[in-house]
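**Q** One structure follows; several queries about it will come next.
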Amino acid sequence: MALKQVSSSKCFGGLQKVFEHDSVELKCKMKFAVYLPPKAETGKCPVLYWLSGLTCTEQNFISKSGYHQAASEHGLVVIAPDTSPRGCNIKGEEDSWDFGTGAGFYVDATEDLWKTNYRMYSYVTKELPQLVNDNFPVDPQRMSVFGHSMGGHGALICALKNPGKYKSVSAFAPLCNPVLCRWGKKAFTGYLGTDQSKWEAYDATCLVKSYPDSQLDILIDQGKEDEFLSDGQLLPDNFIAACTEKKIPVVFRLQEGYDHSYYFIATFIADHIRHHAKYLNA
């Protein structure tokens, strides 16, 4: 699969690059960002996938989170894909910020209008890792995932649906129980239809209940002043209760005074990189 380099900038001794390719899963051109730490010049590195939230592209994380120094120091390749297919000319894809473009929700759609292109789950768990493994100096056996908001939901479900595939998982302000929140209900109805039993396959709180073992250390940071927390979109308590019941270890940190923004992410990003490095470099 041909990759076209869009940009490359030196950062903390490594290189922040963006590539474009024709996606087989999504049937459109897609961009993704790759950070190659200095260690990648001399050998294979572990790889950490970041999944962004609603309205984001591959640019938000790489320009706002300040993750590069920690990734450079720990020798991690970091991959940041886009959040949805682009320019598919599907009726309604540009109508709202929380559905369609920029809002793929990391599911494989089954509804007729969306099922051809909106296959972000297969893209981030299969096509993109294969592309990364084939084209960059990464160790495919050492891979982890993290994300923010809708992407935090994405990270949690990727890990929970694929036991053993990811060494670790973490999230900032994730949508923990989307079958019960407005964003989730809207997206799942649109992409998956009205049969709510199908929704549960993409809900972290539901998935935890059938997770086969407890070999997954989860770190979640949540801002206490997050408007979407108080608005009932994120529902972390439901997820924590389900993990506690299954004896799956979760470190949940409610961060006083922080909101839902990249200022919050930037504050704690080094902790998350360290969390993953502990497992990836073990």
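The values are calculated or read from the model by the stated rules, or taken from the named source; none is laboratory data. The model shown is predicted, which means the values in this text are computed figures rather than measured ones. Reconstructed Cβ throughout: ideal geometry from the backbone, glycine too, with neighbour counts over all protein chains shown. We work out accessible area using only protein heavy atoms, side chains counted, and drop any ligands, DNA or RNA first. Shrake-Rupley method; radii C 1.70, N 1.55, O 1.52, S 1.80 Å.
**Q** Packing-wise, with mean Cβ within 10 Å as the measure, how do 92-99, 145-152 rank, highest first? Let's see the in-between values first.
**A** Working: 92-99: 14.5, 145-152: 28.9.
Per-residue mean Cβ counts within 10 Å order the peptides as 145-152, 92-99.
**Q** Once the piece of chain linking residue 161 and residue 198 is laid out straight, how much longer is it, given 0.36 nm per residue of separation minus the C-alpha distance between them?
**A** Gain on extension, residue 161 to residue 198, equals 11.9 nm.
**Q** Still on this structure, please answer the following. Rank these residues by their accessible area, most exposed first, probe 1.4 Å: 217, 22, 226.
**A** 22, 217, 226
**Q** Taking percent of Cα pairs over 37 Å apart as the quantity of interest, determine which of [x] 28; [y] 14; [z] 7 was computed from the displayed structure.
**A** From the options [x] 28; [y] 14; [z] 7, the structure gives [z].
**Q** To the nearest 10 Å², what's residue 251's accessible area with a 1.4 Å probe?
**A** 80 Å²
**Q** Hey, can you find the accessible area per residue of the range 137-235 for me, probe 1.4 Å, expressed in square angstrom?
**A** Here the per-residue accessible area is 34 Å².
**Q** Please work out the C-alpha center-to-center distance from the range 1-78 to the range 116-167 and express it in whole Å.
**A** Answer, in whole Å: 13.
**Q** Right, here's the next one. At a probe radius of 1.4 Å, what is the per-residue accessible area of residue 244, in Å² to the nearest 10?
**A** 100 Å²
**Q** What is the local net charge at residue 282, summed over the other residues whose Cβ is closer than 13 Å to its Cβ (Lys, Arg +1; Asp, Glu -1)?
**A** Values: positive: 142, 167, 274, 278; negative: 139, 217.
Net local charge, residue 282 excluded: +2.
**Q** Moving to a separate point now. Roll a 1.4 Å probe over the protein heavy atoms and report the accessible area of residue 119 in Å², nearest 10.
**A** Here the residue's solvent-accessible area equals roughly 70 Å².
**Q** Okay, next question. Can you check what the net charge comes to around residue 46, using other residues whose Cβ is under 10 Å from the Cβ of residue 46 (Lys, Arg +1; Asp, Glu -1)?
**A** Summing Lys/Arg as +1 and Asp/Glu as -1 gives +3.
**Q** At a threshold of 8 angstrom on Cα-Cα distance, excluding pairs fewer than six apart, so keeping six or more, what relative contact order does the chain reach in percent?
**A** 17 percent
**Q** Order the following by accessible area, largest value first: 247, 39, 161. Probe radius 1.4 Å; ligands, DNA and RNA are ignored.
**A** 247, 39, 161
**Q** Another question, then. Filter 31/224; 39/115; 91/224; 4/115; 126/198 down to the pairs with a C-alpha to C-alpha distance above 28 Å, please.
**A** 31/224; 39/115; 91/224
**Q** When the Karplus curve 6.51 cos²θ - 1.76 cosθ + 1.60 is applied with θ = phi - 60°, which whole-Hz ³J(HN,Hα) does each residue of the range 259-268 get, with x for Gly and Pro?
**A** 9, 9, 8, 5, 5, 5, 4, 4, 5, 10
**Q** When you count, for each residue, the other Cβ atoms within 10 Å and take the mean per peptide, how do 109-115, 193-199 rank with the highest first?
**A** Answer by packing, highest mean first, reads 109-115, 193-199.
**Q** For the chain, give the magnitude of the charge dipole about the Cα centre (Cβ charges: +1 Lys/Arg, -1 Asp/Glu; no others), in debye to the nearest 20.
**A** I would put it at about 720 debye.
**Q** Now, a different point. Can you pull the percent of the range 4-281's accessible area that's carbon plus sulfur, 1.4 Å probe, other chains left in place?
**A** Exposed carbon and sulfur together represent 48 percent of the surface.
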